[in-house]
Structures are given as C-alpha cells and as structure tokens.
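To keep things clear, I will list the structure first and then write my remarks on it.
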Amino acid sequence: MPQRGFSLSYARSVITTARAEVGYREGRSNGHWNNIQKYSAGVPDLQWSQGQPWCSTFVSWIFRQAGCAHLVPVTASCSAGVDWFRRRGRWSEYPVIGGPVYFGPGGGSHVGICIAYTDSTITTVEGNTNSGGSAEGDGVYFKSRSRKSSYVYGYGIPDYPEGVVLADPAWRNRRGVTYFGHLASASDLPAGTGAPTPAPFEPYPGADWFKKNPHSPIVTAMGRRLVEEGCSAYSSGPGPQWTESDRQSYARWQRHLGYSGDDADG
C-alpha cells in the first residue's frame with residue numbers, strides 16, 4: 001500500500017494492469033475471431049476502431065487504466081505511435097521497462113508493452129496476438145521474444161514522473177534514468193516520485209483560483225496540453241493570462257471526456 005500523500009509508480013501500475021489482462025480473448029463470429037473486444041469502447045476517440053486490429057488500442061487502454069494516458073499516444077496505429085515518441089525525443093532501440101515496444105518494418109506491424117529484459121530476450125504483454133506471436137491474433141498474451149530480432153523495431157520511452165529503467169547507454173546519465181544494460185524487470189522500477197499529491201477530489205490549485213483571472217505558467221501549460229489533445233479554441237496563444245479562449249478550450253476537453261451541460265462549461 002503506498003504511503004498516503006505520495007504518488008505511485010506509474011510504470012508499476014502500467015505493468016500490473018497489463019499483466020491482469022493476460023488471458024483475455026476477443027469475440028468470435030461465424031467460427032472466426034473477429035477483433036471485437038472491450039478496449040476500443042474504453043478509450044475516448046478510439047471507439048471507431050472496434051473490429052479492427054487492436055494491439056495499439058490495447059496499449060492506449062492500459063495506460064488510461066493505469067492513470068497515465070498522457071504518457072502514450074491515443075492511437076490505433078502503430079506507425080503513429082512510433083512517430084509520437086520520435087517527435088518528443090523519447091525513442092530508443094534498447095528495451096524500456098514499462099515502455100511500448102514496436103515491431104515490424106518501421107514499427108508499423110505490432111506493439112506490446114515491455115515488462116522485462118535480459119541480454120538476449122524481452123518479455124512483453126501484447127494484445128491482438130496469439131501463442132505463435134502473430135500480429136493479428138485472438139487475445140492478450142505474455143510473450144518472450146529475441147531482444148536482437150530484426151522484428152523488434154524499437155521502444156517508446158514514456159516520461160514517467162518517477163523515472164525510467166532502460167538499457168540505452170545514451171540515456172544512462174540523464175536525470176531520472178536508471179540504466180541496466182543487461183537485465184531488468186518491474187522489480188527494478190522506482191517506487192514513486194515521493195511528491196505530495198492533492199487531497200482526494202480537491203482540484204489543484206483550487207477551483208476558485210480560475211475565477212480570479214489568473215496569470216501563471218500553469219495556464220500556459222494547460223493550454224498547450226489542450227492544443228495537443230485537439231481541443232484548441234485559441235486564435236492566438238495559449239499564454240499565461242487566463243482568457244475566454246482558455247475556458248472554451250477546457251470546455252471542449254470536458255465534452256471530449258463525455259461530459260455535457262453544466263459539467264462541460266469550462
């Protein structure tokens with residue numbers, strides 16, 4: 001049980017959530033597996049992917065369930081996932097504990113979550129695979145794959161607030177990085193950031209704060225995140241001064257989450 005007032009290790013949560021899904025199977029129709037599963041319906045903006053190959057949707061669902069959906073792209077496309085990590089400078093050809101691992105030419109064929117590695121193997125949890133490791137399978141499986149296989153294209157490095165564990169020597173001296181070149185698993189992950197968290201159900205930095213016409217870097221950071229999520233109502237900015245454009249953008253985000261009426265007024 002984590003200490004009250006301290007944050008969890010999101011990487012541990014991702015791995016625990018993924019492991020709990022092993023054994024899940026998609027639906028069948030007319031004697032065939034049909035790609036109908038629970039994950040598409042559980043990810044806002046990916047409901048349309050129902051009935052489609054769902055390995056990337058599965059990764060998005062896992063991170064959402066683990067409370068850190070913002071650390072991976074919300075996409076049903078493996079190629080789009082690779083591009084998302086590359087554009088942020090968070091890409092490696094070396095294993096990352098709790099990181100998405102992309103397979104096939106350009107990383108566009110398949111994706112899973114790396115939960116352990118040795119000198120020669122990676123252990124993963126993968127959706128839409130099977131006992132043979134297909135990129136078009138029937139469910140969620142543990143897989144052990146050759147670390148040096150040409151089928152392994154590379155790894156996204158989620159920006160876990162507690163830090164990352166990986167095997168890339170180019171990252172070994174970076175802040176928040178634990179480098180294990182040869183062998184690592186979930187047991188090597190940091191316990192958490194140790195940063196105080198707001199009290200349950202208490203908006204941060206306080207709901208009334210936004211009614212006082214604030215001027216703060218917090219406003220800029222929020223606005224940039226809303227733009228990234230496709231919820232922009234800005235004609236210019238965002239900037240540090242709270243404006244009507246910020247309110248409208250946040251209202252779009254609330255509607256994006258499924259809220260309506262007074263619950264989606266920004």
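The values are calculated or read from the model by the stated rules, or taken from the named source; none is laboratory data. Note that the structure is a prediction, hence the values are computed from the model and not measured. Cβ atoms come from the backbone with ideal geometry, glycine included; neighbour counts cover every protein chain shown. SASA here: full protein model, heavy atoms, side chains in, ligands and nucleic acids out. Shrake-Rupley method; radii C 1.70, N 1.55, O 1.52, S 1.80 Å.
Just to confirm the number: angle between the C-alpha axis of helix 244-256 and the first principal axis of the chain, 0 to 90 degrees, nearest 10?
So the helix axis and the longest Cα principal axis differ by about 40 degrees.
Choose one answer from Glu229, Glu136, Glu244: the residue with the largest mean-square fluctuation in a GNM of the chain with alpha-carbon springs under 10 Å.
Glu244
Suppose a student asked you for the relative contact order of the chain, using Cα pairs under 8 Å spaced at least 6 residues apart; what percent would you report?
17 percent.
How much of Thr243 can a 1.4 Å solvent probe reach, expressed as accessible area in Å² and rounded to 10?
Per-residue accessible area (Thr243): approximately 60 Å².
Could you point to the residue in Ile15, Gly258, His182 farthest towards the positive end of the chain's charge dipole, with +1 and -1 charges on the Cβ of Lys/Arg and Asp/Glu respectively?
His182
What is the magnitude of the charge dipole of the stretch 207-263 about its Cα centre, with +1 placed on the Cβ of each Lys and Arg, -1 on the Cβ of each Asp and Glu, and no other charges, expressed in debye to the nearest 20? If you can, show how the numbers build up before the last one.
Details: 7 positive and 7 negative charges, 20 e Å.
For the stretch 207-263, the charge dipole is close to 100 debye.
Just to confirm the number: angle between the C-alpha axis of helix 55-65 and the first principal axis of the chain, 0 to 90 degrees, nearest 10?
Roughly 50 degrees, rounded to the nearest 10.
Mean-square fluctuation check for the chain, GNM, Cα pairs under 10 Å: which of Asn128, Asn35, Asn173 is largest?
Comparing Asn128, Asn35, Asn173 in the GNM, the peak value goes to Asn173.
In debye, nearest 20, what is the charge dipole magnitude of the chain about its Cα centre with +1 on Lys and Arg Cβ and -1 on Asp and Glu Cβ, if you could check?
460
So for the chain, taking the charge dipole from beta-carbon charges (+1 Lys/Arg, -1 Asp/Glu), which of Gly106, Ala221, Gly51 sits furthest toward the positive end?
My answer, from the dipole projection, is Gly106.
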